[in-house]
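Asker: Dropping a structure here in structure tokens format, bear with me for questions.
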Amino acid sequence: MVVEDSLVVRQLLVHIIARDPRLVVAAAVGSAEEALREIGRVQPDVISMDIRLPGMDGLEATRRIMSDHPTPIVVIAGSVEDESLKISMNALRAGALTVVEKPVGLTSAGFDGIAETICTQLYIMSQVPVVRQRSFAWRPNAQPALVQKRDWERSPLRPSIMGIAASTGGPPALAKVLGAFPADFPIPILLVQHMGAPFMEGFASWLNGLMPLEVRVARDQEIPAPGKVYVAPGDRHLLLSPAGTLQISASPALASQRPSATLLFQSMAKTVGSRGLGVILTGMGEDGAQGILELRQAGGYTVAEDESTAVVYGMPAAAVRMGGVSASLPLDLIGPRLLRLTRGDGE
């Protein structure tokens with residue numbers, strides 16, 4: 001189902017989707033109200049959702065759909081200015097799975113790439129199982145899958161830096177984990193989130209407004225400071241250099257990902273070893289798994305989000321399967337565990 005108020009853009013999206021043999025347009029509507037009326041009848045596998053709509057906006061539509069008719073939602077954002085980005089990011093927090101750039105026209109620069117991204121994301125997200133929005137409170141009967149415990153917590157060395165990575169479903173999960181930290185959090189945090197390059201500045205700004213920590217896009221050769229969150233720029237790798245500074249790299253994508261969580265964790269393993277803290281959250285695919293394994297092998301402590309709360313148990317599952325995870329925890333327990341570890345309080 002396409003939800004888009006502009007007739008021209010709606011027709012363009014229908015045209016783009018119709019060219020892809022994996023996809024069929026079930027309905028194309030011009031308002032959130034019409035989408036809510038039609039969704040029960042149409043029962044789409046995935047929804048492309050405009051944010052700026054007449055009447056009810058895309059954020060409120062996302063909330064209602066995820067409450068009443070849980071369906072994978074891909075936000076199609078036409079602007080990267082602050083207000084639209086804020087609405088888009090809040091839609092992700094309300095249950096939308098990802099955000100992609102809105103196409104301008106058949107002859108516009110980069111149209112084919114944008115069109116391919118839209119179709120690929122719609123197809124991939126149509127395969128994601130979703131449930132009614134729920135709190136991430138840990139249920140007493142939801143036992144986390146703890147892997148072999150290590151003696152890292154009893155080491156006199158405290159972590160000196162944290163790397164955290166997420167993909168599909170990442171923004172709300174990151175907000176949950178990072179929101180548990182106080183402004184005086186004792187170590188820097190390096191963050192990889194898979195998202196379209198035009199949205200990274202807005203994503204960092206959105207996160208910054210939700211928590212006591214300062215969040216911003218990382219800059220090359222910066223010295224990471226405690227209590228700061230450094231977000232990998234769009235379409236660039238974020239690494240920790242041997243000198244302990246941030247390194248922004250345009251080297252080729254690894255396993256189709258740039259930024260790559262694996263490259264971030266590998267650089268941490270080489271630079272800080274046992275003083276590294278690695279976290280891998282919800283996401284599709286296997287990015288980060290090899291890197292977090294190497295960080296653990298170097299003596300670092302690593303955490304994966306448990307299947308009981310992950311929107312997509314892909315990246316965490318791959319990390320667990322490879323043996324790269326010290327502990328798997330439900331989302332609500334990750335932030336408090338990390339805070340205790342960085343303060344030297346053990347588990």
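Asker: Does segment 242-347 classify as rounded, prolate or oblate by the C-alpha gyration tensor (a ≥ b ≥ c root eigenvalues; a/c under 1.5 gives rounded; else a/b over b/c gives prolate, otherwise oblate)?
Answerer: Working: a/c = 1.88, a/b = 1.13, b/c = 1.67.
Oblate shape, in that a/c is at least 1.5 and b/c is the bigger or equal ratio.
Asker: Loop-only trypsin sites (Lys or Arg not before Pro) in segment 1-66, please: DSSP not H, G, I, E or B, and at most 11 other Cβ atoms within 10 Å.
Answerer: 19, 22
Asker: With a point put 7 Å past each Cα toward its Cβ, work out how far residue 158 is from residue 208 in nm, to one decimal.
Answerer: The answer from the label model is 2.7 nm.
Asker: Let me ask another. Looking at the square roots a ≥ b ≥ c of the eigenvalues of the Cα gyration tensor of segment 161-289, which shape do they give, rounded for a/c under 1.5, prolate if a/b is larger than b/c, or oblate?
Answerer: Cα axes put segment 161-289 in the rounded bin.
Asker: Let me ask something else about it. Give the accessible surface of segment 235-330 per residue, rounded to a whole number of Å², with probe radius 1.4 Å and ligands, DNA and RNA excluded.
Answerer: Heavy-atom accessible area per residue stands at 32 Å².
Asker: Give me the net charge for the shell around residue 295: Cβ to Cβ below 11 angstrom, other residues only, Lys and Arg +1, Asp and Glu -1.
Answerer: +2
Asker: Given charges of +1 on the Cβ of Lys and Arg and -1 on the Cβ of Asp and Glu, with all other atoms neutral, how large is the dipole of segment 174-275 about its Cα centre, in debye to the nearest 20? Each step should come with its number before you reach the end.
Answerer: On the way: 8 positive and 6 negative charges, 41 e Å.
The calculated dipole for segment 174-275 is roughly 200 debye.
Asker: Going toward the positive end of the dipole of the chain, with +1 on Lys and Arg Cβ and -1 on Asp and Glu Cβ, which of 172, 159, 241 do you reach last?
Answerer: 159
Asker: Run through segment 24-89 and list the GluC sites (Glu not before Pro) located in a DSSP loop whose Cβ has at most 16 other Cβ atoms within 10 Å.
Answerer: Listed in order of number, the matching sites are 81.
Asker: Mind checking segment 193-280 for GluC sites (Glu not before Pro) that DSSP puts in a loop (not H, G, I, E or B) and that have at most 11 other Cβ atoms within 10 Å?
Answerer: For GluC sites (Glu not before Pro) across segment 193-280 that sit outside H, G, I, E and B with at most 11 neighbouring Cβ atoms in 10 Å, the list is empty.
Asker: Can you give the relative contact order of the chain as a percent, counting alpha carbon pairs under 8 Å and 6+ residues apart?
Answerer: 14
Asker: Can I ask one more? Using a simple spin-label model with points 7 Å from Cα along the Cα→Cβ vector, what separation in nm is obtained for residue 241 and residue 41?
Answerer: In this crude label model, residue 241 to residue 41 measures out at 6.1 nm.
Asker: Rounded to a whole number, what % of the accessible area of the chain do carbon and sulfur atoms account for, probe 1.4 Å?
Answerer: Summing carbon and sulfur atoms, their accessible area is 50 percent of the total for the chain.
Asker: Identify, among 183, 232, 44, the residue whose Cα sits farthest towards the positive end of the charge dipole of the chain, taking +1 on the Cβ of Lys and Arg and -1 on the Cβ of Asp and Glu, with the dipole about the Cα centre.
Answerer: 183
Asker: Averaged per residue, what accessible surface does segment 1-104 expose to a 1.4 Å probe, in Å²?
Answerer: Accessible surface, normalised per residue, equals 43 Å².
Asker: Only bridges with both residues in the chain count here: give the DSSP antiparallel percent, nearest 5. Each step should come with its number before you reach the end.
Answerer: Working: 5 of 42 bridges.
That works out to approximately 10 percent antiparallel.
Asker: While we're on this one: Which part of segment 156-184 falls in the paramagnetic zone of residue 251, meaning amide N under 20 Å from the point 7 Å along Cα-to-beta-carbon?
Answerer: 162-166
Asker: Here's a follow-up. Using the Cα centre of the chain as the reference point, and only Cβ charges (+1 on K/R, -1 on D/E), how large is the resulting charge dipole? Debye, rounded to the nearest 20.
Answerer: Charge dipole of the chain: 960 debye, to the nearest 20.
Asker: Also, quick follow-up: Starting from the Cα gyration tensor of the chain, take the square roots of the eigenvalues, sort them a ≥ b ≥ c, and report rounded, prolate or oblate (rounded when a/c is under 1.5, otherwise prolate if a/b is larger than b/c, else oblate). Can you show the working numbers first?
Answerer: Numbers: a/c = 2.05, a/b = 1.69, b/c = 1.22.
Since a/c reaches 1.5 and a/b is larger than b/c, the shape of the chain is classed as prolate.
Asker: Between beta-carbons, use under 15 Å as the cut-off and find the net charge around residue 11, counting Lys and Arg +1, Asp and Glu -1.
Answerer: Residues near residue 11 contribute 0 overall.
Asker: Find out how many positive minus negative residues lie around residue 315, taking Lys and Arg as positive, Asp and Glu as negative, among other residues whose Cβ is under 9 Å from that of residue 315.
Answerer: Computed value for this residue: -3.
Asker: Now for a separate question. Highest GNM mean-square fluctuation, the chain, Cα pairs closer than 10 Å: which of 252, 171, 186?
Answerer: For the chain, modelled as a Gaussian network with Cα springs under 10 Å, the answer is 252.
The values are calculated or read from the model by the stated rules, or taken from the named source; none is laboratory data. As the structure is a computational prediction, the values presented were derived from the model and not from experiment. Because the Cβ atoms are built from the backbone with ideal geometry, glycine has one as well, and the counts that use them run over all protein chains shown. Just so you know, the surface numbers come from the protein's heavy atoms only, side chains and all, with ligands and any DNA or RNA stripped out. Shrake-Rupley method; radii C 1.70, N 1.55, O 1.52, S 1.80 Å.
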